[in-house]
Amino acid sequence: NAGVTQTPKFQVLKTGQSMTLQCAQDMNHEYMSWYRQDPGMGLRLIHYSVGAGITDQGEVPNGYNVSRSTTEDFPLRLLSAAPSQTSVYFCASASGRGQETQYFGPGTRLLVL
Amino acid sequence: GDSVTQMEGPVTLSEEAFLTINCTYTATGYPSLFWYVQYPGEGLQLLLKATKADDKGSNKGFEATYRKETTSFHLEKGSVQVSDSAVYFCALRALAGNTGKLIFGQGTTLQVKP
């Protein structure tokens, strides 16, 4: 099993550009989520999904969209990037509705100029 | 709201020294508690967890005990190694609701010198 994979590993964007951060898992987990990691602030939940076709907002959802068309994939979209979105983004998955151990991907480092 | 507070780092220790990283939490009810570790350039890995009061989580020589009376979950290791150098995150997951949301502390960087 590859576990949780994320692409790209690193990306530079200009303000106003859009992009999609990819996340995939091969563990047949129902629950998937996106966090952002900022210095001195730990990780904060952006969006999460408890199954295909079901998504909901986390703590810091503004500026981000998600969809869950398959169990395996949970892409995160930035429609119009802003410098405040410069961060490291982590995807995580878990079995059930998120009450089990969550497994994290290696992260995507995003720099918005 | 729920929150987690960790001791500020960085923590610098010599190899074989004793490690304590303090973690306290604020939450309604009795959350599950976790320690995650992030090695340089990698994602977070679950180190240990405890799901009810007085539970002790342990893994790779690390231990933490869920203390309801002091709302704490301090991480300890008796003899650290250079390979333990990483960032350590304390986290909680509330029992209420089905969000699976983890609330993280700010992280503590540990550097172990030979």
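Read the figures in this text as sums done on the coordinates, not as results from a lab. Because the structure is predicted, anything quoted here is derived from the model rather than measured. Counting neighbours? That spans all protein chains shown, and the Cβs are built from the backbone with ideal geometry, glycine included.
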- Message: If you average the alpha carbon positions of the stretch B:2-53 and of the stretch A:55-77, how far apart do those two centres end up, in angstrom?
- Response: 27 Å
- Proxy exposure order for B:Met7, A:Met41 (fewest C-beta within 10 Å first) is A:Met41, B:Met7
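Using only the Cα atoms of the protein assembly as shown, build the gyration tensor, take square roots of its eigenvalues as a ≥ b ≥ c, and label the shape rounded, prolate or oblate: rounded if a/c is under 1.5, else prolate if a/b is larger than b/c, else oblate.
Cα axes put the protein assembly as shown in the prolate bin.
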- Query: Taking each residue of A:93-99 in turn, how many C-beta atoms of other protein chains fall within 10 Å of its C-beta, and what is the average?
  - Reply: 3
- Query: How many lysine pairs in chain B, separated by 8 or more positions in sequence or lying on different chains, have Cα atoms less than 25 Å apart?
  - Reply: 17
- Message: List residues of the stretch A:1-30, by number, whose backbone nitrogen lies under 18 Å from a label position 7 Å along Cα→C-beta of B:Tyr39.
- Response: A:1-6
- Residues with amide H under 5 Å from that of B:Tyr30, placed H, sequence gap 5 or more: B:Leu95
- Task: Please order B:Tyr30, A:Tyr89 by the number of other Cβ within 10 Å, starting at the fewest.
- Result: B:Tyr30, A:Tyr89
- Can you work out D for chain A in µm² s⁻¹ from Stokes-Einstein, where Rh is the Kirkwood radius over C-alpha pairs, the temperature is 20 °C and the viscosity is 1.002 mPa s? 155 µm²/s
- Note on the structure: Neighbour-count ranking for B:Tyr25, B:Tyr36 (other C-beta within 10 angstrom, fewest to most) reads B:Tyr25, B:Tyr36
